[in-house]
Amino acid sequence: MLTMLSRIHSLRAISRLSLKRPLGGINFLGARATFSTHNPSYFATNRFTVDEYPYLKRSESFNRLSEKDISYFKSILASSSITQDAEDLEAFNNDWLRKYRGQSKLVLKPSSAEQVSQILKYCNEQRLAVVPQGGNTGLVGGSVPVFDEIVISLSHMSKIRSFDEVSGALVCDAGCILEVLDKYLEERGYIMPLDLGAKGSCHIGGNVATNAGGLRLLRYGSLHGTVLGLEVVLPDGTILDNLSTLRKDNTGYDLKQLFIGSEGTLGIITAVSILSPKRSKATNVALLGLNNFDQLQATFKRSKDELSEILSAFEFWDREAMRLAKQHLVAGAHDPLQSLYPFYILIETSGSNKDHDDEKLNTFLEGLMTDDVIQDGVVAQDSTQIHNLWAIREGIPEACSKAGAVYKYDISMPVPVLYQAVEDMRARLVKEGAIGDGKLFSSVIGYGHVGDGNLHLNVAATEFCKEATDLIEPYIFEWTARHAGSISAEHGLGLSKNNHLHYSKSPSMIQLMRRFKQLIDPNGIMNPYKYLPLV
Amino acid sequence: MSSNLRILVACKRVVDYAVKIRVNAAGTAVETANVKHSMNPFDEIGTEQAIQIKEKSGGKVEVIAVSCGSDKSQETLRTALAMGADRAIFVESAEELQPLAVAKLLKAVVEKEKPDMVILGKQAIDDDSNQTGQMLAGLLNWPQATFASKVELAEKAMTVTREVDGGVETIKTPLPAILTTDLRLNVPRYASLPNIMKAKKKPLTKLTIADLAVDVKPRLETLKVTEPPKRQGGKLVESVDDLVDKLKNEAKVL
């Protein structure tokens, strides 16, 4: 950060470009990159996952990596595609939340589906367990090894294969970074149908493998709808070529759906065909301050009525989230609103006609002000302000992570009880005397996607420990099941939620999932110990 | 500082800074149709500065936003009003206005309104001319403080810190004077909903070129507009030898 600031101060060039950095707002993606790749010592103090979760036992059916294996991999990959250096391995063994730390001794970076096929076929025959890894931005420990699994990083597969300017179908390698794809499409008047805070690091393959939701889901739907086809390598080395660009195809079982959200437990996604919508010509963003959750719901209802087809995002966060964001984000500087409010809403509209959208949004917002539904608000006047308002929302996970060891829950439920989860959790910790200065927990934070009924509940503790975990779990999962919700709305299961699957899925469904797994990955080498409940 | 003060702020409507600009097919200008426009960021800083002076002052300060250009420039003025300007003046012109023409128009407005200070962005990000403020100072024969990163007002004078090559320079000038803003002067505020609603009721006066009797004929002719050459993509090298080889034989820098 410091180097960036000094660069800003040394800027004398006075052009459109020179404006970008100083006004650009938070660069938390840059900050992320700094610790994940350039500073291995950042992780050195972390405890290994297996020490933290002693119930995990290495499966005896897997062989340990031998010299013979290494020489095989060297025969098919360039030396720059093989990582064995202990320091370099840290970035692949650790997740960015510093919650999970594996002990892999080998990272392979294939550059084609054929190479992935050769690797998997060999690993399957030799009973070597593997972990597919994209941008490693997951939140449930799904993308890092637990024991000595070989990491297969898709980072060397980052080519765009084709783009259809008429239909908007984009076909690209799995290792393409989401933001790079979005920039590519922007130049052609299109947009990626998904967007999330980690866009500068995450890979499209990882997005699909984890069925990532994100900020545009309200408008463009989930990846189950926007993904048109996949290229997947199965554990036996079969390359499943289903890179269709068709919108309609009712022939046979829709196999790609099985891999979307399978978290690397069935195969490795090597390429994605995805339908991108046209980029809206006019975008508006408003940030609103409200006094209570009833007002928030009223605003949501009215936005569907009055903004209807131009509404493209409806995000919320609470006072605690705003407090942390202000404290930890260097940001586009100052607080947009004059005082702190219990709730904040970020509304985005996207449409084709600015005058039409402006009028709709202004009428809507003035109505809310006049009826006292909202207390205060600002409307972004230019792209810088749009960017900076979004940066607050996108920076909240990062800001929370600076508050300590953060237990993250990502639950979906009917909107009316959305915030009750936060209040009940807070009340529980207060009752137990576990929250406050010098206590185990410092804060309970709520934010998320109101439009999707998706709450991100963050509980900040002084450290990850059994005592803290036991105060939150299984309470939060039972709470969610009681309110007919899902224990993982968009983050997936990985290592942190797999054993709680029964709160959201019936025994017969879990049994069928096991049969699929057994059928496609009979030796269980694909991302073991995760996703399905351990037996 | 407690005496009454009137500040004129120039606000230009430009292609939004985040828009990736394209040259039109004929190679004569930048494409502006169907492209997001906003207030010139340096003018936004100027508007913020005027409002901060108003807020900090004990006396009565009037902030007048002025914009010259097409009908759409009124949107930019509404933004200035929503930020906190008291009233606005819109000088309508369907024709292209070059810096000298704008300086002359502003001079005419200054003669009408008699402000104590005119604040302009140091430049507009569309043409990067960096001339209007200086020309206006020349036409009015007023002192000028350009590239301001800090402004302090005293009785009928101001102390301005300027960003110059290799450091900063602090100057003092009597009022009336011209001030042009640099990037680090302040961070412009957001337009709040209550202020956006109030802004609709604030007075916006429309003037024409004829009203001000100014010759706005262009003095400069644009011959050609071209995009900068495309950057080549980076390449991954396999080894140090490979790198040295490429530096020697491809880049020819060794």
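The values are calculated or read from the model by the stated rules, or taken from the named source; none is laboratory data. Keep in mind that what you see is a predicted model, and the values were worked out from it rather than measured. Methodologically, a virtual Cβ is constructed for each residue, glycine included, from the backbone with ideal geometry; neighbour enumeration extends over all protein chains shown. We work out accessible area using only protein heavy atoms, side chains counted, and drop any ligands, DNA or RNA first. Shrake-Rupley method; radii C 1.70, N 1.55, O 1.52, S 1.80 Å.
Scan the range B:227-244 and give yes if some residue there is within 14 Å of chain A (Cβ to nearest Cβ), surrounded by 10 or more Cβ atoms within 10 Å (Cβ to Cβ) and within 30 Å of residue B:24 (Cβ to Cβ), otherwise no. Checking the range B:227-244: at least one residue is within 14 Å of chain A (Cβ to nearest Cβ), surrounded by 10 or more Cβ atoms within 10 Å (Cβ to Cβ) and within 30 Å of residue B:24 (Cβ to Cβ). So which residues in the range B:195-209 are assigned to a loop (DSSP other than H, G, I, E, B) and within 12 Å of chain A (Cβ to nearest Cβ)? Within the range B:195-209, just B:200 meets the criteria.
So which residues in the range A:142-170 are crowded, with 20+ Cβ neighbours inside 10 Å and within 18 Å of residue A:242 (Cβ to Cβ), if there are any at all? Selection gives A:154, A:157, A:169, A:170.
Out of everything in the range A:180-190 that is without any contact (Cβ under 8 Å) to a residue 60 or more places away in the chain and not aliphatic (A, V, I, L, M), what residue ends up being nearest to the other protein chains (Cβ to nearest Cβ)?
Quick first cut of the range A:180-190, residues without any contact (Cβ under 8 Å) to a residue 60 or more places away in the chain only: A:180-184, A:187-188.
Those still in the list that are not aliphatic (A, V, I, L, M) too: A:182-184, A:187-188.
Working: A:182: 13, A:183: 9, A:184: 12, A:187: 7, A:188: 11 Å.
Only one residue tops the list, namely A:187.
Apart from one condition, residue B:150 fits all of (1) surrounded by fewer than 19 Cβ atoms within 10 Å (Cβ to Cβ); (2) within 16 Å of residue B:46 (Cβ to Cβ); (3) in contact with a strand residue (DSSP E or B) (Cβ under 8 Å, 6 or more places away or on another chain); (4) modelled with pLDDT under 95; the exception is (4).
If I filter the range B:169-183 for residues that are in contact (Cβ under 8 Å) with a residue 12 or more places away in the chain, within 22 Å of residue B:128 (Cβ to Cβ) and surrounded by fewer than 19 Cβ atoms within 10 Å (Cβ to Cβ), do I get at least one hit? No. Residue A:61 meets each of the listed conditions (1) surrounded by 15 or more Cβ atoms within 10 Å (Cβ to Cβ); (2) in contact with a Gly (Cβ under 9 Å, 6 or more places away or on another chain) apart from (1).
When you look at residue A:368, is it within 14 Å of another protein chain (Cβ to nearest Cβ) and not basic (Lys, Arg), yes or no? Yes, satisfied. In the list A:67, A:87, A:52, A:60, which residue meets the criterion of being of a type in the set (Asp, Glu) and under 23 Å from residue A:521 (Cα atoms)? Unique residue meeting the criteria: A:60.
Checking the conditions here, which among A:258, A:311, A:275, A:296 is open to solvent by less than 10 Å² (accessible area, probe 1.4 Å) and either more than 14 Å from chain B (Cβ to nearest Cβ) or among the hydrophobic types (A, V, I, L, M, F, W, C) (or both)? Even if it seems obvious, please write down each step before you answer.
On the way: A:258 fails: open to solvent by less than 10 Å² (accessible area, probe 1.4 Å); A:311 fails: open to solvent by less than 10 Å² (accessible area, probe 1.4 Å); A:275 fails: open to solvent by less than 10 Å² (accessible area, probe 1.4 Å).
Residue meeting the stated conditions: A:296.
Take the conditions (1) more than 19 Å from the chain's Cα centre (by Cα); (2) buried (at least 19 other Cβ atoms within 10 Å of the Cβ); (3) more than 26 Å from residue B:185 (Cα to Cα); residue B:31 misses just one of them, which is (2).
Give the residue that is farthest from residue B:123 (Cα to Cα), with candidates limited to residues of the range B:1-22 that are within 14 Å of another protein chain (Cβ to nearest Cβ) and either in contact (Cβ under 8 Å) with a residue 24 or more places away in the chain or open to solvent by less than 10 Å² (accessible area, probe 1.4 Å) (or both). Spell out the reasoning first.
Going through the range B:1-22, the residues within 14 Å of another protein chain (Cβ to nearest Cβ) turn out to be B:11-22.
Now narrow it down to the ones that are either in contact (Cβ under 8 Å) with a residue 24 or more places away in the chain or open to solvent by less than 10 Å² (accessible area, probe 1.4 Å) (or both): B:11-17, B:22.
Details: B:11: 11, B:12: 10, B:13: 12, B:14: 11, B:15: 14, B:16: 14, B:17: 13, B:22: 20 Å.
Step by step, filter the range B:1-22, then rank; the result is B:22.
If you scan the range A:77-105, which residues turn out to be of a type in the set (Gly, Ala, Ser) and more than 16 Å from residue A:150 (Cβ to Cβ)?
So in the range A:77-105, the residues of a type in the set (Gly, Ala, Ser) come out as A:78-81, A:86, A:91, A:102, A:104.
Listed by number, the residues that qualify are A:78, A:79, A:80.
With respect to residue B:160, is the statement that it is β-branched (Val, Ile, Thr) and within 11 Å of chain A (Cβ to nearest Cβ) true? No: the conditions fail for residue B:160. Within the range A:378-434, restricting attention to residues that are acidic (Asp, Glu) and closer than 19 Å to residue A:449 by Cβ, the residue that is nearest to the other protein chains (Cβ to nearest Cβ) is A:394. Criterion applied to A:215, A:287 was being open to solvent by less than 50 Å² (accessible area, probe 1.4 Å), in contact with a Gly (Cβ under 9 Å, 6 or more places away or on another chain), modelled with pLDDT under 95 and on the phi < 0 side of the Ramachandran plot, and the one residue passing it is A:215. As for the range B:155-166, it holds at least one residue that is of a type outside the set (Gly, Ala, Ser), in a loop (DSSP other than H, G, I, E, B), exposed (fewer than 14 other Cβ atoms within 10 Å of the Cβ) and in contact with an Asp or Glu (Cβ under 9 Å, 6 or more places away or on another chain). In this structure, does residue A:478 turn out to be in contact (Cβ under 8 Å) with a residue 24 or more places away in the chain and part of a loop (DSSP other than H, G, I, E, B)? Here the answer is no, as residue A:478 does not meet what is asked.
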